[in-house]
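The values are calculated or read from the model by the stated rules, or taken from the named source; none is laboratory data. This one's a predicted model, so the numbers in the text were calculated from it and none came from an experiment. Cβ atoms come from the backbone with ideal geometry, glycine included; neighbour counts cover every protein chain shown.
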Amino acid sequence: MGLKLLCVVAHPDDECFAFGGALILAAEQGVETHVVCLTDGQAASNRGDAQSGAELGRTRAGEFAASCKVLGVTHHELWDYHDGKLEFADFSATAGRLVAKMRELKPDVVLTFGSDGAVNTHPDHTMVSTFTCAAFHWAASAKRYPHLGPIHHGQRLFVLATSFFMEGRAAPMPSPWNVTLDVRDVMARKHQAFCQHQSQAPLMEQTKALFEQYGQTEHYLLLASHDMGPAQQMTSLFDGLAS
């Protein structure tokens, strides 16, 4: 069987602006890619033509699906948590849903945000990081959620790091990265995926210069691995992993 990757995000558009290069490169390598998005993004500042939160959520769900298609994602799903309120979600229950998903999918590699909240220091990103990191370890523990199926040991857990900050936002304290992905060859597709999120067009314009300057690379920190010892600098999420 081939390698599998699971990416866990908070909002529609996270999958492309944050992880788009990694997802495209993985798909091009024949890796089966899955994206779980915890909210439909209906609390966004940019509303498009939506007249209500529910309408915006439906719009953004469609945009998320279109973006994932451009990124070559094998399977995507949108969960039902409240945008902007993940800090109030039941921790054990939410992590348990992710444990169940990991035991079902059996991903070799898991990606999510770092605890800093990414370039916009969004609290939902911090919570997704916390839920996912706990679930990665708990999915491998027979003592945790024994009713959710056989345990699964993922091989690697990565969190997103950043090499730039957004003006007007609180500067995050990002993780020092040990993975640098060269995404120059897939930047056009990453941008195309972002363009599927038409409701967020003002955000695209706001961040256009930043991504033109810094978007040639994506940075990640290897947070957990079966390989013991000092972390090595890597140029792929899958170096040394057997399919």
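Tally up the residues in the range 109-131 that are crowded, with 23+ Cβ neighbours inside 10 Å, of a type outside the set (A, V, I, L, M), out of contact with any His (no Cβ under 8 Å at 6 or more places or on another chain) and over 13 Å from Leu160 (Cα atoms), please. So the answer is 1.
Residue-by-condition table, conditions (1) in contact with a strand residue (DSSP E or B) (Cβ under 9 Å, 6 or more places away or on another chain); (2) within 20 Å of Pro107 (Cβ to Cβ):
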position	(1), (2)
His152	no, yes
Phe164	no, no
Glu167	no, no
Met187	no, no
His191	no, no
Gln200	no, no
Ser225	yes, yes
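When Ala209 is tested against (1) modelled with pLDDT of 90 or more; (2) loosely packed, with under 12 Cβ neighbours inside 10 Å, just one condition goes unmet, and that condition is (1).
Of Thr132, Thr162, all but one fail to be modelled with pLDDT of 95 or more and either of a type outside the set (Phe, Trp, Tyr) or in contact with a Lys or Arg (Cβ under 8 Å, 6 or more places away or on another chain) (or both); the exception is Thr132.
Conditions tested, residue by residue: (1) free of Cβ contacts under 8 Å to residues at least 12 places away in the same chain; (2) assigned to a helix (DSSP H, G or I); (3) closer than 15 Å to Phe19 by Cβ.
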| residue | (1), (2), (3) |
| --- | --- |
| Asn120 | no, no, yes |
| His125 | no, yes, yes |
| Thr130 | no, yes, no |
| Phe136 | no, yes, no |
| Ala142 | yes, no, no |
| Ile151 | no, no, no |
| Phe158 | no, no, yes |
| Phe164 | no, no, no |
| Gly168 | yes, no, no |
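For the range 176-197, the tally of residues that are in contact (Cβ under 8 Å) with a residue 60 or more places away in the chain, of a type outside the set (Gly, Ala, Ser) and in a helix (DSSP H, G or I) stands at 6. Selection of the range 39-92 for residues being in a helix (DSSP H, G or I) and of a type in the set (Asp, Glu) yields Glu55, Glu63, Glu87. Looking across the range 62-108 at every residue that is over 16 Å from Arg144 (Cα atoms) and of a type in the set (Ser, Thr, Tyr), the one that is surrounded by the most Cβ atoms within 10 Å (Cβ to Cβ) is identified as Ser67.
The rows are residues; the columns are (1) in contact with a Gly (Cβ under 8 Å, 6 or more places away or on another chain); (2) within 20 Å of Ala224 (Cβ to Cβ); (3) surrounded by fewer than 12 Cβ atoms within 10 Å (Cβ to Cβ); (4) among the small types (Gly, Ala, Ser).
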position: Ser141; (1), (2), (3), (4): no, yes, no, yes
position: Tyr145; (1), (2), (3), (4): yes, yes, no, no
position: Ile151; (1), (2), (3), (4): no, yes, no, no
position: Gly154; (1), (2), (3), (4): no, yes, no, yes
position: Val159; (1), (2), (3), (4): yes, yes, no, no
position: Phe164; (1), (2), (3), (4): no, no, no, no
position: Arg169; (1), (2), (3), (4): no, no, no, no
position: Pro172; (1), (2), (3), (4): yes, no, no, no
position: Asn178; (1), (2), (3), (4): no, yes, no, no
